[in-house]
1. Provide a single number: the residues in region 1-57 that are farther than 26 Å from residue 112 by Cα and hydroxyl-bearing (Ser, Thr, Tyr).
2. Every residue in region 53-75 that is charged (D, E, K, R) and in a strand (DSSP E or B), please.
3. I need a count of the residues in region 16-42 that are among the hydroxyl-bearing types (Ser, Thr, Tyr) and either surrounded by 14 or more Cβ atoms within 10 Å (Cβ to Cβ) or not in a helix (DSSP H, G or I) (or both).
4. Is it the case that some residue within region 82-103 is β-branched (Val, Ile, Thr), more than 26 Å from residue 21 (Cα to Cα) and touching a Gly at 6+ places or on another chain (Cβ under 8 Å)?
5. Which of the following residues is farther than 25 Å from residue 18 by Cβ, modelled with pLDDT of 90 or more and not small (Gly, Ala, Ser): 60, 46, 129, 70?
6. Take residue 74 and tell me if it is surrounded by 11 or more Cβ atoms within 10 Å (Cβ to Cβ), in contact (Cβ under 8 Å) with a residue 24 or more places away in the chain, acidic (Asp, Glu) and under 23 Å from residue 123 (Cβ atoms).
7. State the number of residues belonging to region 98-114 that are at pLDDT 90 or above and either of a type in the set (Lys, Arg) or over 12 Å from the mean Cα position of the chain (by Cα) (or both).
8. Just checking, how many residues over region 103-130 are under 21 Å from residue 77 (Cα atoms) and assigned to a loop (DSSP other than H, G, I, E, B)?
Amino acid sequence: MDTWGAVIILFAGMWMLQVALTFVQSKHYKLTIREMSAYGPGFLGVGVAKRKLGVGSVIVLVTDLSGKVVEAREMTGVTLFARFRKNAELAGKSIEVLSKTEDSSSRSDAIRMAVERIREQQRLNAEAVM
């Protein structure tokens, strides 16, 4: 019975560690979104692509009113230790160019999703102006 007690304590400890790391990652995500939404006039789009097996990706794009990416951050990984990093490759490109990404990686799926969110905001903004 002593072995089972140690296994249960180990399992409970690992579970509590996962809960704590999930909380930290969630806090980091919220902080990143808050920072990026503070940019001037424009649109913010978040794209998330999860894979059952493999690397997932989260992309956050901020564009100006014309649809040019002003700031881009990316979080890619399979663990709770992944953090957002600036992505200079996407900055300066238009969402039209980004939407035509052809490959089927989780990163490209996340970029296309973020672009679609920005387009939805642009449509709503155009309807509100009319």
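The values are calculated or read from the model by the stated rules, or taken from the named source; none is laboratory data. No experiment lies behind these values; they were computed from the predicted model shown. So basically every Cβ, Gly included, is an ideal-geometry build from the backbone, and we count neighbours across all protein chains shown.
1. 1
2. The answer is 68, 71, 73, 74.
3. Total meeting the criteria: 3.
4. Within region 82-103 (the criterion being β-branched (Val, Ile, Thr), more than 26 Å from residue 21 (Cα to Cα) and touching a Gly at 6+ places or on another chain (Cβ under 8 Å)), the answer is yes, since at least one residue qualifies.
5. None of the others qualify; the one that does is 70.
6. The answer is no for residue 74.
7. Residues flagged as at pLDDT 90 or above and either of a type in the set (Lys, Arg) or over 12 Å from the mean Cα position of the chain (by Cα) (or both) within region 98-114 amount to 1.
8. Number satisfying all stated conditions: 3.
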